[in-house]
Amino acid sequence: MTWFTFPGDNLLCRCLGISITAWLTLLFVFIIVPAVLGVSFGIRRLYMRTLLKIFAWATSRMEMGAKEKNQQLHKPYSNGIIAKESPSSLQQELQELRGSASCPRSEPEFEMADIFYFCRRGVESILDDEVTKRFSAQELESWNLLTRSNYNFRHISLRLTVLWGLGVLIRYGILLPLRVTLAITGISLLVVLTTLVGFLPNREENKPKNGGICVSNHTTPIDVIILANDGCYSMVGQVHGGLMGMMQRAMVKSSPHIWFERSEVKDRHLVAKRLSDHVADKTKQPILIFPEGTCINNTSVMMFKKGSFEIACTVYPVAIKYDPRFGDAFWNSSKFGLVNYLLRMMSSWAIVCSVWYLPPMNREEGEDAMQFANRVKAAIAAQGGLVDLIWDGGLKRAKVKDAFKEEQQKLYSKVLVGEQDEGEQSDDMHLEDENQEEDENPEDESNQDSTKGQ
Amino acid sequence: MGFNGTSPLLDQRGELRPEDFGAIRELSMNPIGDRIISAFFSPGKETVDFASFVRILAHFHPTETSRSRDGVQPEPANSRTRKLKFAFQLYDQDRDGKISREELLQVLRTMLEMQVTEEQLQSIAERAIQEADLDQDDAISFDEFRKSLEKVDIDHKMSIRFLS
């Protein structure tokens, strides 16, 4: 075989060689080594500040463009588009409706006006549904120059387009290859570095200790990496195949993790036993669990499955909040696969998140697992500035169970017919999934046993 | 607006079908969710376009914001009467202008389902009709409906304010 040799061939090779060397050196010197040693050059903060200034400028340009055309700039509201009255219970609302109608009667009865309450609730949910919007990416109030975050932003002038083009060049030409190289290096070292730029932990004295369980809200698979960065945990999750599975098996060699087979998921006692065994052994690392069971879009915290709260031990809550202005970290697993998701992550501007370690909580006397779970959830939501919802994350994939409707009917019937014998509490309406996993296919079982046990 | 804004209701043809509403989780848990959905669709039609959608939602606009009109203008969609009419139609599914005993029972059944016995349902319906039915024809007409709700603050209870 003859090889063609061009006169410039050597030159080309040399250039390539030099640039690759330069690239790798930069990588090592500026990123990998400081990350390992924990030193910061302050490049990140500068980068973030510059980006924010650019975004603000972009928004003002769009507003100017809108004014020229005498139109309103479309601004999506993250808190909803209708004014919701402070949530009062069904009883209270109906009292108000009836109180203004006729004179109060001795016994509660049906009123024709009752339907207004349900009617209004229904139309409000058509206009703005608390649950469905949690499963799609959060909308930003100002555009961050990523096409994927562009929901209805118009009036994009020429200057803005140029800026966007520049942004694309930077992100795909510099940032993406940079991160891909990092990723390859990283994976081979079993550490997947993506685009972690900001990291602001607080209250470090509350870090989870041995023999405890760490619970956190779940937005992306990166949550795991972030927390693992800061301490060693044992994970609980579904056994995967492929690349994930390989990583799982590798991880087990260095520290004890609890990976479940799909068939075992349905056996909640076995799961609970393994968890409590692990926790009872004080020499073992704290367990990391995501009780929501699925990824939520980081504007709210959804129902915590009570399985991990039934084990009698200390719970260390952690709140994780991503700053959406730099790149949306939410993994919409029904829309994108893992590889697609990683690509999008790597070509965003940055991923900035805040992590708060909250003081440990214990189950109190007379509190059942569900109440405890709700207490922890409220604490996490309060710290992270997220909305605390009672809805089940499983609704991402499942239809609403009739049990929810029954709950409403039950409440209404109490108003009409008075209290009946309330044998069981209404906590059996939640989907039960004792395996808290960061996995896209949670198994669900409509487990009807309440805390009274079976 | 749920149609083409933040909520995933958008249908490619620019029209909604009843099953599109099924995607709204909160609505599925509302006992009269199905009735509310069918209120958007004219009888016999399977789809609703954006204009009709907005017209129905206009019933829920707060009354105080409507400009004062003289008697010649047609009644605005969010007047008290129209709001009452909307609620009336939730009861009166066959649109014959009267709420029969059977229709009332149906509504009560969907609102209460398993929680009360059939006798209790019957007695509740009986009492409600007795109170509201003034001309003793065993059904509730729109005027009787309106009279029985004279004192209810409809404007407040059937209005949804938009943030803007």
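Only the coordinates and a few stated rules stand behind these numbers; no lab work does. Note that this is a predicted model, so its numbers are computed, not measured. For neighbour counting, all protein chains shown are included, and Cβ atoms are generated from backbone atoms with ideal geometry for every residue, glycine included.
Remarks
- Theoretical FRET efficiency, 1/(1+(r/R0)^6), r = Cβ-Cβ of residue A:25 and residue A:273, R0 51 Å, to 0.05: 0.50
- Between residue A:387 and residue A:159, the modelled label-to-label distance comes to 3.6 nm, taking each label 7 Å out from Cα in the direction of the beta carbon.
- log10 of Debye I(q)/I(0), alpha-carbon scatterers only, for segment B:106-164 at 0.21 Å⁻¹: -0.93
- Sites residue B:102 and residue B:81, calculated FRET efficiency, Cβ-Cβ separation with R0 25 Å, nearest 0.05: 0.45
- Take each residue in B:109-117, count the other chain C-beta atoms within 10 Å of its C-beta, and the mean is 6.
- Hz values of 3J(HN,Hα) by residue in segment B:80-89 - Karplus curve (6.51, -1.76, 1.60), Gly and Pro given as x: 4, 5, 5, 5, 4, 4, 4, 5, 4, 6
- Counting beta carbons within 10 Å around each of A:353, A:214, A:313, A:15 and listing the fewest first gives the order A:15, A:313, A:353, A:214.
- Residue A:67/residue A:246 FRET efficiency (R0 51 Å; Cβ-Cβ; nearest 0.05): 0.35
- Among A:325, B:80, the ranking by other beta carbons within 10 Å of each residue's beta carbon, starting with the fewest, stands as B:80, A:325.
- Residue-averaged beta-carbon neighbours from other chains (10 angstrom radius) around B:133-141: 0
- Spacing of the modelled spin labels on residue A:336 and residue A:60, each 7 Å from Cα toward Cβ, amounts to 3.1 nm.
- In units of the rule-of-thumb radius 2.2 N^0.38 Å, segment A:298-352 shows an alpha carbon radius of gyration of 1.50.
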